[in-house]
1. Using a 1.4 angstrom probe, figure out how much accessible area region 41-132 has per residue, in square angstrom, rounded to the nearest whole.
2. Given H placed on each backbone N at 1.01 Å, which residues far from Phe119 in sequence or on other chains put an amide H within less than 5 Å of it?
3. Counting only DSSP beta bridges with both residues in region 1-117, tell me the antiparallel percent, nearest 5.
4. If each residue of separation counts as 0.36 nm, what is the full-extension length gain between Arg5 and Asn22 once their alpha-carbon separation is subtracted?
5. Counting only protein heavy atoms, what percent of the accessible surface of region 1-103 is carbon or sulfur at a 1.4 Å probe?
6. Once the Cα gyration tensor of region 1-67 is diagonalised, what are the square roots of 5 times its eigenvalues, in whole Å and ordered largest first, as equivalent ellipsoid semi-axes?
7. With viscosity set to 1.306 mPa s at 10 °C, what whole-number translational diffusion coefficient in µm²/s follows for region 28-75 from Stokes-Einstein and a Kirkwood radius over Cα pairs?
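The values are calculated or read from the model by the stated rules, or taken from the named source; none is laboratory data. Every value quoted in this text rests on a predicted model; they were computed, and no experiment measured them. We work out accessible area using only protein heavy atoms, side chains counted, and drop any ligands, DNA or RNA first. Shrake-Rupley method; radii C 1.70, N 1.55, O 1.52, S 1.80 Å.
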Amino acid sequence: YHGDRIVGTTGEGIPVQIQRLNHKDSLNKIVPKTYPSLFYVTSSDTKTGRLYVKVVNAGDAAKEVSLELKGVSSVKSSGKIIVMKAEKPEDTNSITEPEKITPAVLPYKGFKKNFTYSFPKYSITVLQIDTQ
(Lines give C-alpha, C1' and ligand atoms only; values in the text may rest on other atoms or scores of the structure.)
Protein backbone atom coordinates (compact mmCIF):
# COMPACT_ATOMS: atom_id res chain seq x y z
CA TYR A 1 0.00 0.00 0.00
CA HIS A 2 2.40 2.62 -1.21
CA GLY A 3 2.73 4.83 -4.22
CA ASP A 4 5.75 5.93 -6.21
CA ARG A 5 5.60 9.57 -5.06
CA ILE A 6 5.38 11.07 -1.57
CA VAL A 7 2.66 13.69 -1.27
CA GLY A 8 3.18 16.67 1.02
CA THR A 9 0.87 16.27 4.00
CA THR A 10 0.38 18.68 6.87
CA GLY A 11 -1.43 18.35 10.15
CA GLU A 12 -2.74 20.87 12.63
CA GLY A 13 -3.75 20.37 16.24
CA ILE A 14 -2.09 16.96 16.43
CA PRO A 15 -2.80 15.55 19.91
CA VAL A 16 0.19 14.74 22.09
CA GLN A 17 0.72 12.23 24.84
CA ILE A 18 3.16 12.07 27.70
CA GLN A 19 5.83 9.37 27.84
CA ARG A 20 5.11 6.76 30.50
CA LEU A 21 7.86 6.39 33.04
CA ASN A 22 8.71 3.36 35.11
CA HIS A 23 10.21 3.23 38.61
CA LYS A 24 13.80 3.16 37.27
CA ASP A 25 13.13 6.27 35.17
CA SER A 26 11.83 8.08 38.24
CA LEU A 27 14.90 7.09 40.26
CA ASN A 28 17.12 8.42 37.47
CA LYS A 29 15.12 11.69 37.46
CA ILE A 30 14.14 11.30 33.83
CA VAL A 31 11.64 13.94 32.81
CA PRO A 32 8.73 12.62 30.75
CA LYS A 33 8.66 13.81 27.15
CA THR A 34 5.64 14.66 25.07
CA TYR A 35 5.26 13.22 21.61
CA PRO A 36 2.52 13.17 18.98
CA SER A 37 -0.09 10.46 19.19
CA LEU A 38 -0.82 10.61 15.44
CA PHE A 39 1.75 9.96 12.73
CA TYR A 40 0.96 10.13 9.01
CA VAL A 41 2.33 10.00 5.48
CA THR A 42 0.65 10.11 2.07
CA SER A 43 1.90 8.65 -1.19
CA SER A 44 0.38 8.46 -4.65
CA ASP A 45 0.61 6.06 -7.55
CA THR A 46 1.24 8.36 -10.51
CA LYS A 47 0.01 5.73 -13.00
CA THR A 48 -3.39 5.12 -11.38
CA GLY A 49 -3.96 8.33 -9.41
CA ARG A 50 -4.53 6.30 -6.27
CA LEU A 51 -3.67 7.90 -2.93
CA TYR A 52 -2.50 5.99 0.14
CA VAL A 53 -3.01 7.94 3.35
CA LYS A 54 -1.32 6.09 6.19
CA VAL A 55 -2.08 7.06 9.78
CA VAL A 56 -0.80 5.58 13.03
CA ASN A 57 -2.86 6.40 16.10
CA ALA A 58 -0.62 5.61 19.07
CA GLY A 59 -3.13 7.11 21.49
CA ASP A 60 -5.52 5.39 23.86
CA ALA A 61 -8.65 6.85 22.22
CA ALA A 62 -10.05 7.06 18.72
CA LYS A 63 -9.12 10.30 16.94
CA GLU A 64 -11.51 11.96 14.54
CA VAL A 65 -9.59 13.73 11.78
CA SER A 66 -10.78 16.10 9.06
CA LEU A 67 -9.00 15.43 5.78
CA GLU A 68 -8.79 17.78 2.82
CA LEU A 69 -7.44 16.35 -0.43
CA LYS A 70 -5.86 19.16 -2.41
CA GLY A 71 -4.46 18.98 -5.92
CA VAL A 72 -6.95 16.43 -7.26
CA SER A 73 -9.87 17.21 -9.55
CA SER A 74 -12.17 14.50 -8.19
CA VAL A 75 -12.32 11.66 -5.70
CA LYS A 76 -14.21 8.38 -6.07
CA SER A 77 -16.42 7.88 -3.02
CA SER A 78 -15.73 4.13 -2.91
CA GLY A 79 -12.37 2.80 -1.81
CA LYS A 80 -10.74 0.61 0.79
CA ILE A 81 -9.59 0.97 4.34
CA ILE A 82 -6.94 -1.37 5.67
CA VAL A 83 -6.63 -1.33 9.45
CA MET A 84 -4.69 -3.19 12.14
CA LYS A 85 -5.62 -2.34 15.71
CA ALA A 86 -5.16 -3.48 19.28
CA GLU A 87 -6.97 -3.01 22.55
CA LYS A 88 -3.80 -2.04 24.40
CA PRO A 89 -0.23 -1.21 23.35
CA GLU A 90 1.15 -4.42 24.84
CA ASP A 91 -1.01 -6.62 22.60
CA THR A 92 0.89 -8.87 20.23
CA ASN A 93 0.49 -12.06 18.27
CA SER A 94 1.73 -15.19 20.03
CA ILE A 95 1.82 -18.93 19.62
CA THR A 96 -1.49 -19.23 21.47
CA GLU A 97 -3.04 -16.24 19.67
CA PRO A 98 -1.29 -16.09 16.29
CA GLU A 99 -3.95 -13.85 14.73
CA LYS A 100 -4.77 -11.51 17.58
CA ILE A 101 -3.68 -8.54 15.47
CA THR A 102 -4.25 -8.92 11.74
CA PRO A 103 -5.06 -6.45 8.99
CA ALA A 104 -8.70 -6.06 8.02
CA VAL A 105 -9.53 -4.83 4.51
CA LEU A 106 -12.85 -3.00 4.53
CA PRO A 107 -14.81 -1.37 1.72
CA TYR A 108 -15.56 2.31 2.35
CA LYS A 109 -18.05 4.62 0.66
CA GLY A 110 -17.42 8.05 2.08
CA PHE A 111 -14.33 9.48 0.46
CA LYS A 112 -14.61 13.07 -0.78
CA LYS A 113 -12.21 15.93 -1.31
CA ASN A 114 -13.12 16.96 2.26
CA PHE A 115 -14.20 14.28 4.73
CA THR A 116 -13.83 13.18 8.33
CA TYR A 117 -12.58 9.81 9.51
CA SER A 118 -12.17 8.35 13.00
CA PHE A 119 -8.92 6.44 13.46
CA PRO A 120 -9.21 3.71 16.14
CA LYS A 121 -6.98 3.73 19.20
CA TYR A 122 -3.68 1.84 18.89
CA SER A 123 -4.08 1.40 15.16
CA ILE A 124 -2.34 1.54 11.81
CA THR A 125 -4.73 2.57 9.05
CA VAL A 126 -4.33 2.95 5.29
CA LEU A 127 -6.97 4.87 3.35
CA GLN A 128 -6.84 3.75 -0.28
CA ILE A 129 -8.45 6.55 -2.28
CA ASP A 130 -8.91 6.62 -6.07
CA THR A 131 -8.62 10.10 -7.58
CA GLN A 132 -8.56 11.75 -10.98
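1. Using a 1.4 Å probe on heavy atoms only, each residue of region 41-132 averages 59 Å².
2. Lys63, Glu64, Val65
3. 100 percent
4. Going from the current span to full extension adds 2.0 nm.
5. The nonpolar share, carbon plus sulfur, comes to 53 percent.
6. 34, 13, 9
7. Translational D for this selection: 114 µm²/s.
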